[in-house]
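Have a look at the structure below before the remarks.
The values are calculated or read from the model by the stated rules, or taken from the named source; none is laboratory data. Everything numeric in this text was worked out from a predicted model, so none of it was measured. Here Cβ is always computed from backbone atoms with ideal geometry, including for glycine, and neighbour counts include all displayed protein chains.
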Amino acid sequence: MGERLDIENPFYDSDASASAFGWDFKVNAAIFLFLKYLKDVDYLKVEGKHQDIEIKLKDSSKIFAQAKSIQNGSNDNRKKKFEDAIISLAKTPVDYKNNDKLLYVSNYKAPIDDKDLYDNKIVALKNVKNEHDKVVKIIEEITQRLNNEILSNSSLTVTKRAKLEELVKRLQEINTEDLLMCSITPYLNTEQPEDKYQVIANLIQEKLTCDFNMTSNNMIRYVRDILKSWQSSFLLNATKSNKDKEKLMTKLELLLQIIAIISEKDTNNLKESLSFELEEDLEDEYSSYYYKRNFYHERFDFINMLYYDFKVFNSQNQKDKLNEFIKGEWQKYKDEYADFMEYNDVCAQEYLIKRDLLRLLSSRTNIDKIIKESSNDNN
């Protein structure tokens, strides 16, 4: 407020692009870490109670990550960013006996010095001795400055002095050997804004093709849509209070978004399973409503039930008769589509449910792979 009222200098810099870039990086760093820990993750939070990104693994251990973006990659600036991060990480109530870990994430390929060691990898400092020694030295420099402040500043309040002493203690207790470092690179603004997301997009494609054994002519579109969906979900998660039960993003919830995306199909074959002729203007109306639906019913238990029913139907008919199954069995699943049943038009209800059943059953091969992978992870 004071700066805004300064008549001598009425023009001030309100450019918040660096902060916006930082938020963008934090959200995408969370997606990157989710993918890196995909096999072991239980849930994660963005803007958690203690750190930028908090991940709980299946063995109950936690990863506390501090993400710092850099637009000016000078040595001094990189060191300052790391110092800020290590002070924040030191305040985290990490439980080393529980195998908890602290992690620093940068968008610069050499977060501290000019060594290219963390390029899109997560590295423990115990595996890079020279870097470990540099980090120890930086922590010692920070603690020395804090101790000097404690000893020389007579104006410190009792509370402030106690906080500084506690910070020094926590800095000294950091398990530097198990401290994790990571750089997501390249991640800088370019003429093509989407370029900075390419590393994460490549990682999504790697998981779909290698972990889920998926093949599709639409892979590029799937990757793009999954990334956008997760970016939206992770940003929304960052805005939620830590008291909010929905603050925890589980692995299953995030995988369900993949299912929703890869199962989108055109409706050319739907006409065969409808019991009425649908005019074009009504199809447009119903389709508009369809795309406003909730995805709550896309649970693994529902999809498993649907696939089992379809398998039994085919075994009795000696043939894969998708449209016959949808035409004869769709009413069985009305309770799973409560949002569609709110549409008063009975024809609309039938169209909406049959369209979604066609979508899910047409993509069952790829969806099966995701369900199987998730089931294996939860054993």
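Within segment 112-132, restricting attention to residues that are within 22 Å of the chain's Cα centre (by Cα) and assigned to a loop (DSSP other than H, G, I, E, B), the residue that is farthest from ALA30 (Cα to Cα) is TYR118.
Pairs are defined by a Cβ separation below 9 Å, a sequence spacing of at least 6 or placement on different chains, a first member in segment 334-351 that is more than 16 Å from SER288 (Cβ to Cβ) and touching a residue at least 60 places away in the same chain (Cβ under 8 Å), and a second member that is among the hydrophobic types (A, V, I, L, M, F, W, C) and assigned to a helix (DSSP H, G or I); the pairs so defined are GLU350/TRP330.
Can you tell me which residue within segment 333-359, out of those that are assigned to a helix (DSSP H, G or I) and loosely packed, with under 12 Cβ neighbours inside 10 Å, is farthest from the chain's Cα centre (by Cα)?
Step by step, filter segment 333-359, then rank; the result is VAL346.
Being within 34 Å of the chain's Cα centre (by Cα), of a type outside the set (Gly, Ala, Ser) and modelled with pLDDT of 80 or more holds for only one residue in TYR286, TYR291, TYR296, and it is TYR286. Selection of segment 69-105 for residues being of a type in the set (Lys, Arg) and touching a Ser or Thr at 6+ places or on another chain (Cβ under 6 Å) yields an empty set.
Consider segment 147-179 and keep the residues that are touching a helix residue (DSSP H, G or I) at 6+ places or on another chain (Cβ under 8 Å) and hydrophobic (A, V, I, L, M, F, W, C). The one that is nearest to LYS134 (Cα to Cα) is LEU179.
Of the residues making up segment 129-144, those that are without any contact (Cβ under 8 Å) to a residue 40 or more places away in the chain and surrounded by 13 or more Cβ atoms within 10 Å (Cβ to Cβ) are LYS134, THR143. Quick check: anything in segment 167-186 surrounded by 12 or more Cβ atoms within 10 Å (Cβ to Cβ), assigned to a helix (DSSP H, G or I) and acidic (Asp, Glu)? Checking segment 167-186: at least one residue is surrounded by 12 or more Cβ atoms within 10 Å (Cβ to Cβ), assigned to a helix (DSSP H, G or I) and acidic (Asp, Glu). Restricting to segment 53-67, count the residues that are touching a residue at least 40 places away in the same chain (Cβ under 8 Å) and buried (at least 23 other Cβ atoms within 10 Å of the Cβ). Number of matching residues: 4. Annotation: ALA238 fulfils all but one of (1) crowded, with 19+ Cβ neighbours inside 10 Å; (2) within 15 Å of the chain's Cα centre (by Cα); (3) not hydroxyl-bearing (Ser, Thr, Tyr); the unmet one is (1).
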